[in-house]
Every structure is written in structure tokens, then in C-alpha cells.
Amino acid sequence: MRLNSVVGLNASNVGRNVAFARAPKKGNEEKEYTQAITDALDYLDIQNRALVIHGTSFPAKKGEFDIQTGSPIEADELVEFAKLHGFNAIQLGPNGKLNKGDTSPYTSSVFEKNPLFINFNKLTSEEYGSILSDEDLAKVANKTRKTKDNWAKTNFQKANENTEELIDTAFINFQINIAKGNEDAIKLHEEFYNFNQQNQSWIDYYSVLNVLSKQYGTDYYPHWSKDDQDLIQNVKKGNEGAIARFEHIKSNNINEINKYKFAQFLIDKQTKEDNLTRGDFTYISDLEVGASSLDELVFKDVFLPDYKIGCKYGGPKNAPQLWGIAMPDPNKIFNQDGSLGESGKFIKAKLQNALSGAQSIRIDHAMGLVNPYIYKPETVTYANENGVEYPIREKLQAGYLSELGIDRNKNYEKVLSKIILPTMEEMGINPKDVIWEDLGSDETGTFSRIFKQELGLPGISGMIWTKGTDAQRKRDNWAYIGCHDNKPGRQMLETGEIEKREGWKPEYLADALRCDPYKKQERNELYHKIKSSPKERWKAKLADLFHSTKHIQVSFMDFFGINKSYNTPGTSGSENWTLRLNPDFKDTYYKSLENDDWAINMPEILKTAVQAKFDEEVSKNGKPYWETKEQIDPLLNRLDHWSNVLKEKEN
């Protein structure tokens, strides 16, 4: 391939001091920019590239009202921006309704969708019967404003208040417009009716429990009366007293219950509509290992009594992590005839609901679907050492499921092969493309035997700990440096916490990225460059990531150069889960690149990764680089060109 044949770039332009805007211009420049990135990704055989950003971290749209949290619904600006820079997917978090007072998406509901994701701006349209006006929105929300920071924050308390107030107003207007004979509102009412009919199996139960959670001021059910904790189970059993109380709550709170159902209808409708607009760009959902407090009440008989899921190691002082997560009862997963029992049906429905509005999925803590570590909460006692509190392992009644004699028929060992994989295939998802979070230690070997040996499923390669050369041996794995539970790369480097990790050492990175034996001087120069600058080491580690695997995840903190954490594992601080993109995310991203700051310059990183792969090929065939460089130089020149464009000062 000759240099002057490269799409959109004549050889005479390379290296010239041409003035460009710091962002590729709409039209041909954007096409040429994306084509260069696509060609590099194809050469590296990187098939999936996911930007990791949870729903509440999405930016507000410029000029629209912001309820103080983000939503993945109609996020076309961020999606198009991600596509421009080579991503073909966004990895979301779990999409369920959050527990009161708990902002973690990993304890959200299995069936209830998160009403914070409702696009209230859209409710002003005729399609939604004009059930909100700009004046209604202005009473509770502000229009977005320009900010100098490259981040924003979700205010969960305010977002919940705003959501509740706007649902109140929208529902009142909905009823008024129906009474007036508004055709759009009447059509919306028909859809609402059909939604309620289709979701009867769960929505009545949750609507009553939401009323109770407001009356108690919490959905942490241990603070409720025993009768109310058991209400739904007793209704299901036909207990007359429970049925009478259930109906009494419904009739006395009919407006509250209908508003709850209306909110669930709106987010369901918008999620499904949005799912049809993204074309070949993928939303990856997240199947949490847990469930919400209200899930536990609605499906109380599904869960194993007396035990909760945790993790044997990784807590303070490397003590067990006590997650407090309910586990489906292994003895109710399958019936005697092999059909799904109540717990098995729950697991299947959980996966189906997680995939609502998404085209693929991440499986959180895959070991929890095979051989979870479980413990008895009543045996938890704590020690305190120098102000650090941790559970005492020796006093804890706990172990892997396979060790405890609870799963008599080894039903959990069949969950993947009999429920999860068939459900994925029913929904058109190739299990080999799924993100299987297979981290964790199972000292019994059960998980490794089933997950890797019998089913041959890919896992994830956390390159925060490992070398790219290690990840290359597992190229079907998804690889990442940062995720929702990590600090951004900048913090890890500036604090020195990764200094001793082999995969971050300058000598390893220089050898991995300049392995051509004829490039000793270049390798030495790169080594000193990496060693002297945390930022250059970060760029090198990113190139190591892109050089190593077919499936890549990049956290939004790292891509946009945000020097803040989204979540600190093992803590419940008020800052957790609040980090969000700012409305001016594109401007601040390009400003960061212009200043050669910490945002990721994709063509710059890809150029290094492409060069590394080509050096590998050269070293294998034994020919010096200068005899074969015509094969790769045109692509390298294009990437170098666009890397420099992104660093240009805006005219």
C-alpha cells in the first residue's frame, strides 16, 4: 500500500504544519479519522471495544433540563462520539430500581426498572400526550450549564425528589388530557393498560411494597413488621388475612400505586423505543449477582434461608467480603422431571430482564452462578485493628456451596449449561461474546472445572495486574485496565501503587512495544521516556492493552482523563457511584488532548500498538523493518497525522 493511496491523506500533507481544529470536522474529516482508527483496530484484530459507563454517569444534554442524574435513554450524542473514536459498544451497569438510601446499582431490583432513567424532556412531545411542559420541568430542574470541569456529579437525593415530583405532575396531566379527549394521551393510556396486563405477575406486588417502603421510610425490610415482611408470600399462599391487608393497601393508596405503575411503564416504553435506534452499536447490560430488598420479599420462597453470598477474600486485612446478597435456593432450581423450579425460573427471568434494552451482557461474579462462597449472617463478629474493622474468619460459619452439603443434587453446577447459556442463545446472544467476570478464588476447583474445562467460556484479563503478553495467551477474554471498581490510571500511577507490578514496569513495556531486534536504540529511548513520565507510562500501558486481546473495555474516567473514582470497593461513602460526565464532555475531552493531558488520544495509542504488532511479525520472519515498512508505514502515518490533529490548538 503506497502512502499517497491512503484514504483522504496525500503524502505531501504528512508532516506539514497544517492548521486544523482540535476535533475532526464534520463530514470528510470525521470519516477519514474514524477510518484510520477502524483500519488500525482491524489490523490488531480487536473485534469489540466497549466504553464502560453506567447509566447515571451519562451526561445531560445541552439545552435540556437535567434532573441531577444521567440516563442511557436517547444518549445519541455520547453514542456518536464513542463511535467516532472507534468504540462499538457501551457497557452499562445493572438497570434496576435502586434501594432507598443505597446508590449501588449492584443491589438494584431484578424486575423494577430504574425510574431515574426516564427521559422527562421527551414527555413534552405529542407522542407522550404532552403530559409535561417546559414550565413543569423548569419548576424542578435546571437547564444544563457550561462547566470548566471535565466531570459532573449525580445528586441522588435531588434526582429522586425531582423524579417523584415530575411523575406526580405527568400523571395528573395524563389523566386531565385523557378527560379532555386528547388522542395522544388516549393512545398512551391504551399502551399503559397493555403494559399492566403483561406485567401482572409482579407489578402489583412491587407497587404495594413501594407504598409500604414509603410508610416505613425504608425498604430495608428487617425494620418492618414481621407480617409485612411476609405479606407477599402469604398472599401467594392464599392467606385470607394477608389478602385483606394487601387489598386494603391497594384501595387506600390507589393514586400512589398507579403513579408507581405509570413510572415503570414510561421507562419500559422508552427503553424499548431507544433499543430500536442504535443500529449496529451495542449496549451491554450487567447481570448483577444480587437482588434488591423488595426482590427478596416478592420472591422470598426462591431464596436459600439463613445464608448470604460473599467472597472468601478481598476484604479489610484480606478478610471475607460480606455482601449480604440473597442466593437462589439450589434445591429449588430444578424439579424432579428436570424442568425449571421456582429458583430456576427466577434466574432465567433475571437474565431476561437484564437484557431488556441491551444486545449483550456482562455477567458479574460468574462464580456466583456455579459455586458461590456463602456465610451465615448471625455468625458474623468483627475485630478492630488500628481503626480497621473486619470480620473474624475463624468465627464465621461459611464456605463454598460445594463444601457445605446444601446443594444435594449439585444443581448449581448445572445453572450455566441448563439455564444461562440456553437463555442467551434464545435471545440471539453468542455466549463467547459475553463479558464473563470470572475473578475470584474457588479453592475447590469446581468453578474452573465447569466454567473453563467443561464449557470453555472466556473470562476477563485484568491488565491492572498483568502483562499484555499474558493476556495474549487468552485473546478471547475481554481485557481492561480500569473498570467501575478501579481508580483511574492517572491516580494509580501518581500514587505509585502499581509501581511493583510486572506489567507496568518500564523495561517490560519497552520490550513489549519495541520487540524488533533491530530497534535497540528506539527501545532504549522508549524505556527512558516511560520511566521518566507517569503519563508516558500510561500511554504505553494502554498500547499494551490494545496490542493484547480481541475484546477491550475502557472506563469513562480513563478515556476522558477524569482524575476521580466512580466507586471505591468495600466502602459505602457518599461519593460512590456519583461520578458523571459533564454536558460539555466533547469540549473538555478535546481540550485535554490539545494540552496533552490524560484523556486518551486514540490514534496515538493505536499507532504504538500497531507498531508493536508489526515489530512482532518482523521479528518472527527475520526481515529487518526497513525491508518491510512499506506494508505498515501508510497506516502509521495516518494515525500519526490524526494524533497530531487532536493536539492542535483551535484556530
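The values are calculated or read from the model by the stated rules, or taken from the named source; none is laboratory data. Computed from a predicted structure; not experimentally measured. Heads up, the Cβs are rebuilt from the backbone with ideal geometry, glycines too, and the neighbour counts pull from every protein chain shown. Note: areas computed on protein heavy atoms with side chains; ligands, DNA, RNA excluded. Shrake-Rupley method; radii C 1.70, N 1.55, O 1.52, S 1.80 Å.
Worth pointing out:
- Among the listed pairs Lys529/Lys623; Lys236/Lys376; Lys97/Lys348, those whose Cα-Cα separation exceeds 25 Å are Lys529/Lys623; Lys236/Lys376.
- Residue-averaged 222 nm ellipticity for the chain, from DSSP H runs of 4+ at -39500 (n - 2.57), nearest 500: -12000 deg cm²/dmol
- Angle between the chain longest axis and helix 254-275 axis [Cα atoms, degrees, rounded to 10]: 30
- Surrounding net charge for Asp45, when Lys and Arg each add one and Asp and Glu each subtract one, Cβ distance under 10 Å: +2
- Computed on the Cα atoms alone, the convex hull of the chain gives a volume of 178 cubic angstrom per residue.
- By the compact-protein rule of thumb, 2.2 N^0.38 Å, the alpha-carbon radius of gyration of region 87-133 corresponds to a ratio of 1.49.
- Most positive-pole-ward Cα, Pro517, Leu579, Tyr527, against dipole of region 509-587 from beta carbon charges: Pro517
- The angle between the Cα long axis of helix 633-647 and the main principal axis of the chain comes to about 60°, on a 0 to 90 degree scale.
- Proximal aspartates and glutamates relative to Lys180, as straight alpha-carbon distance under 17 Å, when same-chain residues fewer than 8 apart are discounted: Glu126, Glu127, Glu190
- Rounded to 10°, Cα long-axis angle of helix 602-621 versus longest principal axis of the chain: 60
- Sparse packing (at most 16 other Cβ atoms within 10 Å of the Cβ) combined with a DSSP loop state is found for none of the chymotrypsin sites (Phe, Trp or Tyr not before Pro) in region 554-651.
- The H on the amide N of Asp286, modeled in the peptide plane, is under 5 Å from the matching H of Asn95, Arg362, each at least 5 residues off or on a different chain.
- Karplus-derived 3J(HN,Hα) values for region 497-504, using 6.51 cos²θ - 1.76 cosθ + 1.60 with θ = phi - 60°, are 6, 9, 4, 8, 7, 4, x, 10 Hz; glycine and proline are entered as x.
- Every Cα-Cα pair of region 190-231 was included, and the share exceeding 16 Å stands at 44 percent.
- Solvent-accessible area of Ser225 with every protein chain in place, 1.4 Å probe, in Å² to the nearest 10: 50
- Sparsely packed loop sites in region 108-160 (the GluC sites (Glu not before Pro) outside DSSP H, G, I, E and B with at most 15 other Cβ atoms within 10 Å) do not occur.
- Among the trypsin sites (Lys or Arg not before Pro) in region 199-275, those located in a DSSP loop and surrounded by at most 12 other Cβ atoms within 10 Å of their own Cβ are Lys237.
- Estimated D of region 289-357 in µm² per second, where Rh is the Kirkwood radius over Cα pairs and Stokes-Einstein applies at 4 °C, 1.567 mPa s: 97
- Reduced Cα scattering model of region 303-446, Debye log10 I(q)/I(0), q = 0.09 Å⁻¹: -0.31
- Within the shell of other residues whose beta carbon sits under 12 angstrom from the beta carbon of Asn196, the net charge comes to -3, with Lys and Arg scored +1 and Asp and Glu -1.
- Charge tally in the Cβ shell below 15 Å around Asp442, where Lys, Arg are +1 and Asp, Glu are -1, Asp442 excluded: -3
- Largest first, the three principal axis extents of the alpha carbons in region 239-328 are 51, 50, 21 Å in whole numbers.
- Note on the chain: antiparallel DSSP beta bridges, both residues inside, total approximately 45 percent of the bridges counted.
- Signed unit charges on C-beta, dipole axis of the chain, positive-most listed residue Asn88, Met602, Val380: Met602
- Shape of region 454-512, Cα gyration tensor, a/c cut at 1.5: oblate
- Computed over region 419-503, Kirkwood Rh from alpha-carbon pairs, angstrom: 14.8
- Size-normalised alpha-carbon gyration radius of region 137-232, reference 2.2 N^0.38 Å: 1.48
- Pairs from Lys113/Lys214; Lys250/Lys350; Lys500/Lys539; Lys83/Lys467; Lys520/Lys649; Lys26/Lys487 whose Cα-Cα separation, in the structure shown, is over 24 Å: Lys250/Lys350; Lys83/Lys467; Lys520/Lys649; Lys26/Lys487
- Calculated accessible area for region 509-551 comes out at 43 Å² per residue, all protein chains present (probe 1.4 Å; ligands, DNA, RNA ignored).
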